[in-house]
1. Only one of (1) away from chain B (no Cβ under 14 Å); (2) closer than 20 Å to residue A:40 by Cα is not met by residue A:189, so which one is it?
2. Just give me the residues in region A:77-111 being surrounded by fewer than 17 Cβ atoms within 10 Å (Cβ to Cβ) and hydroxyl-bearing (Ser, Thr, Tyr), in sequence order.
3. Which of the residues that make up region A:169-209 are touching a residue at least 24 places away in the same chain (Cβ under 8 Å) and of a type in the set (D, E, K, R)?
4. Considering only residues that are within 14 Å of another protein chain (Cβ to nearest Cβ) and away from ligand 2 (no atom under 15 Å from the Cβ), which ones fall in region A:84-105?
5. Report the residue count in region A:134-169 for those that are within 16 Å of ligand 3 (Cβ to nearest atom) and on the phi > 0 side of the Ramachandran plot.
6. Here are some conditions: (1) in a loop (DSSP other than H, G, I, E, B); (2) touching a Ser or Thr at 6+ places or on another chain (Cβ under 8 Å); (3) more than 13 Å from ligand 1 (Cβ to nearest atom). Residue A:194 meets all but one. Which one does it not meet?
7. Quick check, is residue A:214 hydroxyl-bearing (Ser, Thr, Tyr) and either closer than 16 Å to residue A:112 by Cβ or within 14 Å of another protein chain (Cβ to nearest Cβ) (or both)?
Amino acid sequence: MTVITLTIDGRSVATASGATLLEAARAGGSAIPTLCHLEGLSPVAACRLCLVEIDGDSRLQPACVTAAAEGMVVRTTSPRLAELRRTVIELLFTEGNHVCAICVANGHCELQDLAVAVGMDHSRLPYRFPSRSVDLSHPLFGLDHNRCILCTRCVRVCAEVEGAHVWDVGWRGEHCRIISGLDQPWGAVDACTDCGKCVQVCPTGALFHKGDGTEEKEGHPEQLQVLVRARQQGGAP
Amino acid sequence: MEIPNPETNQPRTVLIDPVTRIEGHAKISIHLDADGQVETARFHVVEYRGFETFCEGRPFTEMAAITARICGICPVSHLLAAAKTGDKLLAVTIPPAAEKLRRLMNLAQICQSHALSFFHLSSPDFLLGWDSDPAKRNVFGLIAADPELARSGIRLRQFGQALIEALGGRKIHAAWAVPGGVRAPLAEGLKERVLGQLPEMFAIAERALALFKQLMDTKLGEEREVFGSFPSLFMGLVGSDGRWEHYGGGLRIINAEGSVLVDGLSEDAYASVIAEAVEPWSYLKFPYYKPLGPEAGSYRVGPLARLNLCERIGTPRADRELIELRQRGGRVVSGSLYYHLARLIEIVACLEGIEALLNDPGIEGRHVRARASVNALEAVGVSEAPRGTLFHHYRVDANGLIEKVNLIIATGQNNRAMNRTVTQIARHYLDGAHLSEALLNRVEAGIRCYDPCLSCSTHAAGSMPLQVRLYGADGALVEERIRG
Ligand code: SF4
Ligand code: SF4
Ligand code: FES
């Protein structure tokens, strides 16, 4: 294993070559907010929350997919990044319909936690109030498109870990949404094994157990890592 | 908080958080006839703008939270009515411990709500007098004048709130009652703690009762006859054996003479006896007893109605007070000032009920939630809120998405009685064609008899934001006074 050294937030960090900036930063004690990223799933860099500044690069780079390199000088916090992250969260809130007070995930929601973390006490952008639907056709689970932030964690976990590939991203632009099967009601998709992994990794209240009321959903995305590790290593954890 | 209007896709403001609620004024209009006498008065309710449509397209499991947030004044009542409606959509019988826990929470809710209404909002009027300095005619003035009473009222309210919080997790936020039961069994140690506090709470309630009964017999003799004293129907839940009821039982309607017009009616059949009139000047619907029409069929709900409807309460201390109430006011008490007395009696009934429930080993059962999927597409749930009977009526699709909602709330059912009360007070106290402070104070107190669940009504006494307009026979505005 080759070790490389870089500077993150003024600290010198040593990491294995091939590591992402996110991994290096976390190892070095810098917290970078993430949303679409979930350890155990392939990265997609969809949410842009993990953007960082790199010396000599005029563009911001998403830490979750950028490889760490020898001698890099990286900043994970700055007024510019703070402003940007807040705007990203505001965009996510305003493009959907998030009424936290009645949401199944209220109090256990990654989006909500991030809103607090980036200091979003209100939105400076106008709410769009899209007209979106709720799919309760599955016997065990529900999908509320109003709360979906298109992070695609569900798409990836279903295809990469469960191997069922029920989910996809359909349509474009403001009509973009998660679809099951060939855009069928979820309950009509035979490929679904009812495993519930998508519900578990969903960062918001978009996917939930049917019958759950307000504040009752507690997702456990970290359980995915147990599964992934167990598969990779075979033996005891 | 805003959610879209499904029809127009335009933003629509939903009053969800009681803190950010737009504080409304209670709007009252008084209309004079050609002789300059008061013809009629109206209490305009401008809240509750079509909130039933917000719910359409949502999973029915969210109804508890949606309604509790919209009606932030009595969230527990909405939780219970929504949960009961949900039970019926699942077509389950909930575990016995769950029903006992829900009952316990409702009693705690009635207790704390009545304590707020009586001690904080209304007693400054009775104790400090109508014409006392408005700046002092509030709970702070009460603390100065009778610190013991003020403090004990706060204690009683805290007792109820703490019990709700201990059951539900957080004071009003968590949707603790869910379709199929409740979320968590009785917490360890709660029983002992609450039983230990009860003696003090009984003493508080009894002291307030003694004080208020004495006031009714002396200082408030005139108000007793003027504040909403008229014959009317009464409606509410009554237990199968004629006992006072707040959670189960059947609907009963009586008239002013005490004749039973409807008895043991299931909430499922409410629409067979109750119709809802719409008035152009109010967002509230006006329910009435169908066979008698909107005027004669209007009825009162709430504490006084419940006490008028039942044969007995079923617990010794409260029953003693009920007998005394009937000695004072007759078998069917028609004066709305007695609502306050009824509240105090119900506080005693709640305390006794809490004691009995906690001593029932069945409440400690660990199985508190039945799980099922949607098995019925339409259901009606009912409970007695502190202010009166609350109906939730949902129709869902096969997956449980709400297609139609109808809610009948206590304040709507009492709205006609509030109008009549304001009319009666205006007739008695209107001084020529002038809106005096004394009139405003009494109008406020008249409305407070019903403890309406409006944001304007939760202001401290003497500071209810009021907009009173006086209209002449020709419809022209004679005078307007705005307070608060
Ligand atoms: S998903 Fe999260 S942010 Fe969206 S409404 Fe639910 S709790 Fe709020
Ligand atoms: S349903 Fe959940 S996991 Fe799937 S894309 Fe939407 S927010 Fe992400
Ligand atoms: S976490 Fe890197 S782009 Fe979403």
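The values are calculated or read from the model by the stated rules, or taken from the named source; none is laboratory data. Since this is a predicted model, take the numbers as computed values, not measurements. In this analysis, Cβ positions are derived from the backbone assuming ideal geometry, glycine residues included, and neighbour counts consider all displayed protein chains.
1. The single condition residue A:189 does not satisfy is (2).
2. A:77, A:78, A:87
3. Selection gives A:174, A:177, A:194, A:197.
4. Passing the criteria: A:94, A:99, A:101, A:102.
5. 2
6. (2)
7. Yes; evaluated as a whole, the condition is true for this residue.
Residue-wise test of (1) in contact with a His (Cβ under 7 Å, 6 or more places away or on another chain); (2) modelled with pLDDT of 75 or more; (3) more than 10 Å from chain A (Cβ to nearest Cβ); (4) under 30 Å from residue B:469 (Cβ atoms).
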residue	(1), (2), (3), (4)
B:30	no, yes, yes, yes
B:35	no, yes, yes, yes
B:57	no, yes, no, no
B:96	no, yes, yes, no
B:105	no, yes, yes, no
